[in-house]
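Novice: Handing you this structure, nothing more for now.
Every read-out reported here was derived from the displayed coordinates using simple, explicitly stated rules and does not represent laboratory data. Since the structure is predicted, the reported quantities are computational estimates derived from the model, not experimental observations. Glycine gets a Cβ as well: all are built from the backbone with ideal geometry, and neighbour counts include every protein chain shown.
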Amino acid sequence: MFLRGMPLLIALLLQLLVALLLWTLMPLGMNWYRDTIGFTSHRDIGLGIAQFHVFWMLIGAQPLIAVLRPLWAKLLVLAIPLAFATWTLMHNHPLRMLYFTVGPGLLTLAAIFASRRLSSPGPSLPSTDTADA
């Protein structure tokens with residue numbers, strides 16, 4: 001159920017990289033959006049709390065995604081914060097919903113598949129040698 005050894009180390013390092021990217025890029029992106037387009041909010045406190053919880057759910061899911069072995073379990077853990085972001089931000093703030101789902105989702109999926117690719121035994125590309133045939 002859980003990874004061990006070198007695959008665990010690779011997965012932890014990649015998910016840590018994703019968490020650091022989320023930690024730095026998400027506030028930078030929100031500041032860029034506010035400076036470029038303007039902050040269009042109705043001053044509702046629910047949006048700030050929802051964004052806060054989505055952000056920390058995404059950061060907190062990264063170590064759990066790293067230690068789980070089955071792909072379906074990793075995707076399920078990733079789906080929980082993405083579903084929460086969709087549910088809380090979709091109706092009134094669809095651009096923010098895309099910001100909190102597409103970017104972190106793609107970064108996390110890239111880390112999941114990169115760690116699976118790097119930790120898989122054997123050659124990474126199929127052999128096309130026909131000398132023995």
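Novice: Rounded to the nearest 0.05, what FRET efficiency do Leu17 and Leu64 have when you use their Cβ-Cβ distance and R0 = 22 Å?
Specialist: On the way: r = 16 Å, r/R0 = 0.72.
Here the calculated transfer efficiency is 0.90.
Novice: So how far apart, in nm, are the two label points at Phe52 and Ala83 if each is 7 Å from Cα heading toward Cβ?
Specialist: 2.5
Novice: Something else about it: If the chain between Met90 and Leu109 were fully stretched, how many nm would it gain, using 0.36 nm times the residue separation less the Cα-Cα distance?
Specialist: Working: separation 19, 0.36 × 19 = 6.84 nm, distance 2.15 nm.
Extending this stretch completely gives an extra 4.7 nm.
Novice: Still on this structure, please answer the following. How far, in nm, would the chain grow between Thr24 and Leu9 when pulled straight, counting 0.36 nm per residue and subtracting the alpha carbon separation?
Specialist: Numbers: separation 15, 0.36 × 15 = 5.40 nm, distance 2.25 nm.
Taking Thr24 through Leu9 to full extension adds about 3.1 nm, to one decimal.
Novice: Next question, about the same structure. Want the number for Thr36 to Leu71: 0.36 nm per residue separation, take away the alpha-carbon distance, what's left? Can you show the working numbers first?
Specialist: On the way: separation 35, 0.36 × 35 = 12.60 nm, distance 3.86 nm.
That works out to 8.7 nm of additional length.
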